[in-house]
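The values are calculated or read from the model by the stated rules, or taken from the named source; none is laboratory data. Since the model is a prediction, treat every value here as computed from it, not as a measurement. Note that we place each Cβ from the backbone using ideal geometry, even for glycine, and neighbour counts take in every protein chain shown. All accessible areas refer to the heavy atoms of the entire protein, side chains included, with ligands and DNA or RNA removed. Shrake-Rupley method; radii C 1.70, N 1.55, O 1.52, S 1.80 Å.
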Amino acid sequence: MAKKSIHELLKDTFQASSKKEWQKAASSEIEGKNPNQALRWKSSFGIDFEAYYEKSETELLDYLKEFLISPSDEAYFGPRTWYNLPKVTVASD
């Protein structure tokens with residue numbers, strides 16, 4: 001029998017939650033403040049981000065795709081292998 005992936009294990013372990021539930025939990029951890037305001041942050045590009053997004057809201061972030069780096073298929077070295085390794089030029093005589 002094949003082992004379950006980490007994503008399958010997490011889905012089996014934790015119940016689905018909503019933004020409303022997250023807001024309630026986050027508010028209790030930051031002394032009752034509004035988490036949408038208190039946990040908002042701005043990137044070095046000047047873009048404002050909220051602390052929590054649901055999948056349906058991420059479509060609004062499509063303009064950020066140009067900044068994303070595609071993951072590598074190499075599981076051993078991790079998703080940024082091609083980005084972290086130096087360029088090596090090989091010359092053949």
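All but one of (1) part of a loop (DSSP other than H, G, I, E, B); (2) out of contact with any Pro (no Cβ under 8 Å at 6 or more places or on another chain) hold for A51; state the number of the condition that does not hold.
All conditions pass for A51, except number (2).
Would you call K87 among the basic types (K, R), open to solvent by 100 Å² or more (accessible area, probe 1.4 Å) and at pLDDT 75 or above?
So K87 fits the description; yes.
Restricting attention to the range 1-42, and to residues there that are over 17 Å from the mean Cα position of the chain (by Cα), in a helix (DSSP H, G or I) and charged (D, E, K, R), which single residue is nearest to S56 (Cα to Cα)?
Looking at the filtered set, the residue picked out is K20.
Take I47 and tell me if it is at pLDDT below 85, loosely packed, with under 10 Cβ neighbours inside 10 Å, of a type in the set (V, I, T) and out of contact with any His (no Cβ under 9 Å at 6 or more places or on another chain).
On the way: at pLDDT below 85: yes; loosely packed, with under 10 Cβ neighbours inside 10 Å: no; of a type in the set (V, I, T): yes; out of contact with any His (no Cβ under 9 Å at 6 or more places or on another chain): yes.
Considered against the rule, which asks whether it is at pLDDT below 85, loosely packed, with under 10 Cβ neighbours inside 10 Å, of a type in the set (V, I, T) and out of contact with any His (no Cβ under 9 Å at 6 or more places or on another chain), I47 comes out as no.
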